[in-house]
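A short write-up of the structure that comes next.
The values are calculated or read from the model by the stated rules, or taken from the named source; none is laboratory data. Please read all numbers here as calculations on a predicted model, not as lab measurements. Note: ideal-geometry Cβ built from the backbone for every residue, glycine included; neighbour counts use all protein chains shown. Surface areas here come from the heavy atoms of the whole protein model, side chains and all, with no ligands, DNA or RNA. Shrake-Rupley method; radii C 1.70, N 1.55, O 1.52, S 1.80 Å.
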Amino acid sequence: MNVWIAIIATAVGCYLVKYAGLLVPAHALERPLVRRLAALLPVALLAALTAQQTFSTGQTLVLDARAAGLAAAALALLLRAPFLVVVGAAVAVTAGVRALGG
Amino acid sequence: MAEQTAPPQPAAGPAPAAGPRTGKPDSAVVRDALGVGIAVGLSGFAFGVTSAGAGLTLLQTCVLSLLVFTGASQFALVGAIAAGGNPFAAAAGAFFLGIRNAFYGLRLSQLLALPRWLRPLAAHWVIDETTAVALAQPTRRQVRIGFTVTGLTLYVLWNLTTLLGALGAEAIGDTDAWGLDAAGPAVFLALLAPMLRTATERAAAGLAVVLGLGLLPVLPAGVPVLVAALAAPAVLWLKGRSLGGDGGTPAAGPATERTKGQDR
């Protein structure tokens, strides 16, 4: 039930912000500070989410095979690999390290 | 998927080469749009697998792709649910990631100039990729073609591959053994990497990592990410102070913002 609440709230919220952009008069969101904050917010969120989903299990910090997978993804990004290759590298390396007992 | 920042590059690339002012055939717009739509649409597979691995049902996973349709928000929500977060904290994190779509819509509304009745439908497709492709087009007709073809291809493929990914994950059972729990963070990293252009962005990312990991053991699940989001205003505030206010930027603001939209 809780999962459905989260899904519906996210769907409604995400749709409304998309629609708002098409409806709101341009000047309302054109203030430089608002725009810069909107550009920086995803940076902070994505960084925190990446770190948490790599280095934690529940509420415990852990260092496991996912860290190797993320390093592989970072390397693929540096080599300008396509999106799916980046994700594939992370998955393959994580699975490989686990298979080796990591 | 918007979030899938890397793919729009192909679209932004060919556009200038073809020379916006010398005229660009509609077929080239369709080709660019299909390229982005297909490349990013296929990554719905990663979402389907991640979502099923996080314990969501097939129906929940598919509803997310059908109704939320903005990749980073979907991955964030699923990750928060897997971590046992409160549903509202989980939804709030996903919502914050979706806010940037409002800014895309703001720019698209002038370029697309859609009739009022069509806007509620078009709104659902306002994401990183459709914006990137649409903004790269020289004429209104081609903006509309780019937006529609990218939106349609991506929506259809993203939902199909979500379904296949979720079915596949259920079939193989223990997704962790296959390393599939690394797909989510890898997606986030791929979305994040192109955004880390300046010291301000790197500082915000660094501070967010410290807050997100540091608070994880002490705050309820889902809340540390929301606190980490405060790294954005904090870094802007500190930067404003060290520059003695953020004057001077208004003139540069709109221009940089525009190019930013294209290369994302």
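Of these, B:Leu121, B:Leu108, B:Leu66, B:Leu97, which one is under 30 Å from B:Val218 (Cβ atoms) and assigned by TED's automatic domain parsing to the domain that holds B:Phe188? Let's see the steps before the verdict.
On the way: B:Leu121 fails: under 30 Å from B:Val218 (Cβ atoms); B:Leu108 fails: under 30 Å from B:Val218 (Cβ atoms); B:Leu66 fails: under 30 Å from B:Val218 (Cβ atoms).
Result: B:Leu97 is the single residue among B:Leu121, B:Leu108, B:Leu66, B:Leu97 that is under 30 Å from B:Val218 (Cβ atoms) and assigned by TED's automatic domain parsing to the domain that holds B:Phe188.
Evaluate segment A:63-84: report whether one residue or more is under 24 Å from B:Leu56 (Cα atoms), open to solvent by 40 Å² or more (accessible area, probe 1.4 Å) and either at pLDDT 90 or above or not in a helix (DSSP H, G or I) (or both).
Yes, the conditions are met somewhere in segment A:63-84.
Looking at the structure I just gave you, is A:Arg35 under 26 Å from B:Leu236 (Cβ atoms) and either open to solvent by less than 60 Å² (accessible area, probe 1.4 Å) or at pLDDT 95 or above (or both)? Step through it out loud before you land on a result.
Numbers: under 26 Å from B:Leu236 (Cβ atoms): yes; either open to solvent by less than 60 Å² (accessible area, probe 1.4 Å) or at pLDDT 95 or above (or both): yes.
Judged against the criteria, A:Arg35 is a match.
Would you pick out the residues in segment B:118-142 that are out of contact with any Phe, Trp or Tyr (no Cβ under 9 Å at 6 or more places or on another chain) and either without any contact (Cβ under 8 Å) to a residue 12 or more places away in the chain or open to solvent by 40 Å² or more (accessible area, probe 1.4 Å) (or both)?
Result: B:Leu118, B:Leu121, B:Pro138, B:Thr139, B:Arg140, B:Arg141.
Report yes if A:Leu22 is modelled with pLDDT under 95, buried (at least 20 other Cβ atoms within 10 Å of the Cβ) and part of a helix (DSSP H, G or I), otherwise no.
The answer is yes for A:Leu22.
Could you say whether any residue in segment B:99-117 is modelled with pLDDT of 95 or more and either out of contact with any His (no Cβ under 6 Å at 6 or more places or on another chain) or buried (at least 21 other Cβ atoms within 10 Å of the Cβ) (or both)?
no
For segment A:38-59: of the residues being polar (S, T, N, Q) and open to solvent by less than 10 Å² (accessible area, probe 1.4 Å), which is nearest to B:Thr130 (Cα to Cα)?
The residue in question is A:Thr50.
Only helices (runs of 4 or more DSSP H) wholly contained in segment B:1-53 count here; list those with 2 or more residues that are modelled with pLDDT of 50 or more and buried (at least 22 other Cβ atoms within 10 Å of the Cβ).
Correct list: B:26-41, B:44-53.
Would you confirm whether or not segment B:209-216 contains a residue that is part of a helix (DSSP H, G or I) and within 21 Å of the chain's Cα centre (by Cα)?
Within segment B:209-216, one or more residues are part of a helix (DSSP H, G or I) and within 21 Å of the chain's Cα centre (by Cα).
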